[in-house]
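*Asks:* A single structure is presented below for examination.
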Amino acid sequence: MALLPILCYPDPKLHTVAKPIDAVDERMKTLVADMLETMYDAKGIGLAATQVDVHERLIVIDVSEERDQPMVLINPELVWTSPTTHLNEEGCLSVPGIYDGVERFDAVHCKAQDLSGQARTIEADGLLAVCIQHEMDHLLGKVFVEYLSPLKRNRIKTKMIKARREDAR
Ligand code: NI
């Protein structure tokens, strides 16, 4: 297993649209293991393949308190969304230190394959529903700060670029 470097906003690669996965092979299993290790190491609750510069429809999630319930979603599709939404305070491993409100569906049903290639539908609400929506956005090349006002987004962009410059010193 290996820790993977996480792309940081405003890296343009974060705006790549991911391709569907045809086969759950050994390469995919290694990628999933590495993504889970990377997510746990970074203390995140979700990670999309896009964030580690792999542009395929794969996300890993663990919203459990004990950090022992990994979920693997391959080719996830929302098959149902609740009529109601709420504003949720979000952060992202690709935008470290930034938290802001995003409007999300209260509940979603998400159809996805697991590592055995088996398709199933996850009925999610609460934090899991938010996390699925946030990670699925990554697969479409969308980072949560794009829901914010252009003013806020530009401020975040400047802050990220400055932080990276300081890191490089
Ligand atoms: Ni994110």
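The values are calculated or read from the model by the stated rules, or taken from the named source; none is laboratory data. Because the structure is predicted, anything quoted here is derived from the model rather than measured. Note that we place each Cβ from the backbone using ideal geometry, even for glycine, and neighbour counts take in every protein chain shown. Heavy atoms of the whole protein, side chains included, go into the accessibility calculation; ligands, DNA and RNA do not. Shrake-Rupley method; radii C 1.70, N 1.55, O 1.52, S 1.80 Å.
*Asks:* State yes or no: is Val24 open to solvent by 20 Å² or more (accessible area, probe 1.4 Å), part of a loop (DSSP other than H, G, I, E, B), touching a Leu at 6+ places or on another chain (Cβ under 8 Å) and more than 16 Å from the ligand (Cβ to nearest atom)?
*Replies:* When the stated conditions are applied, Val24 passes them.
*Asks:* Every residue in region 77-136 that is among the β-branched types (Val, Ile, Thr) and either open to solvent by less than 30 Å² (accessible area, probe 1.4 Å) or assigned to a strand (DSSP E or B) (or both), please.
*Replies:* Those that are among the β-branched types (Val, Ile, Thr) and either open to solvent by less than 30 Å² (accessible area, probe 1.4 Å) or assigned to a strand (DSSP E or B) (or both): Val79, Thr81, Thr85, Val95, Ile98, Val102, Val108, Thr121, Ile122, Val130, Ile132.
*Asks:* Among the residues in region 146-158, are any β-branched (Val, Ile, Thr), more than 16 Å from the ligand (Cβ to nearest atom), in a helix (DSSP H, G or I) and more than 15 Å from Val63 (Cα to Cα)?
*Replies:* yes
*Asks:* Can you tell me which residue within region 27-61, out of those that are among the small types (Gly, Ala, Ser) and within 14 Å of Leu3 (Cβ to Cβ), is surrounded by the most Cβ atoms within 10 Å (Cβ to Cβ)?
*Replies:* Residue satisfying both the conditions and the ranking: Gly44.
*Asks:* All but one of (1) under 16 Å from the mean Cα position of the chain (by Cα); (2) modelled with pLDDT under 95 hold for Ala129; which doesn't?
*Replies:* (2)
*Asks:* Would you please name the residue that is farthest from the chain's Cα centre (by Cα), looking only at residues in region 143-155 that are open to solvent by less than 70 Å² (accessible area, probe 1.4 Å) and in contact (Cβ under 8 Å) with a residue 24 or more places away in the chain?
*Replies:* Taking the candidates together, the pick is Leu148.
*Asks:* Can I ask one more? Being in contact with a Gly (Cβ under 8 Å, 6 or more places away or on another chain), more than 16 Å from the ligand (Cβ to nearest atom) and of a type outside the set (Gly, Ala, Ser): is that true of Val79 here?
*Replies:* Spelling it out, it is not the case that Val79 is in contact with a Gly (Cβ under 8 Å, 6 or more places away or on another chain), more than 16 Å from the ligand (Cβ to nearest atom) and of a type outside the set (Gly, Ala, Ser).
*Asks:* Another question about this same structure. Looking at Met160, Met71, which one is crowded, with 18+ Cβ neighbours inside 10 Å, within 27 Å of Asp34 (Cβ to Cβ) and more than 18 Å from the chain's Cα centre (by Cα)?
*Replies:* Unique residue meeting the criteria: Met160.
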